[in-house]
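**Student:** Submitted below is the structure of interest, expressed as structure tokens.
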Amino acid sequence: IHGRAAVATFAHAAAAYLEFGGEGRFLMPILGHFRTTSLSKIDQSAVEACAKALYPGAKPSTIARQVYTPISAVLQYGASRGM
């Protein structure tokens, strides 16, 4: 309940990811959606809700490229840094 892992937000993880060379091309709309959301609260249903909100009616390939891949990269980076 305490410490870095308990309070890390998507914005914290995204900033660190970008600072160390991560790709930011599709990240800004996602950052706007998840900005202060705790990393521990981002699950599959949250990602699906983000995709639906940002790209309604988009093809699955677009969703994968512009939502799932960037979110996965940020979450994996955050996890590797103890967030």
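No lab work stands behind these numbers, since they all come straight from the coordinates. Here the structure is a predicted model, which is why all the values come from computation and not from measurement. Virtual Cβ from ideal backbone geometry, glycine too; neighbours counted across all protein chains shown.
**Student:** Could you check how many residues of the stretch 8-25 are among the aromatic types (F, W, Y) and within 12 Å of the chain's Cα centre (by Cα)?
**Tutor:** Residues flagged as among the aromatic types (F, W, Y) and within 12 Å of the chain's Cα centre (by Cα) within the stretch 8-25 amount to 2.
**Student:** May I ask you to list the residues in the stretch 48-83 that are touching a residue at least 40 places away in the same chain (Cβ under 8 Å) and charged (D, E, K, R)?
**Tutor:** The one that is touching a residue at least 40 places away in the same chain (Cβ under 8 Å) and charged (D, E, K, R): R81.
**Student:** Something else: So which residues in the stretch 5-23 are outside any helix (DSSP H, G or I) and crowded, with 16+ Cβ neighbours inside 10 Å?
**Tutor:** A8, T9, G22
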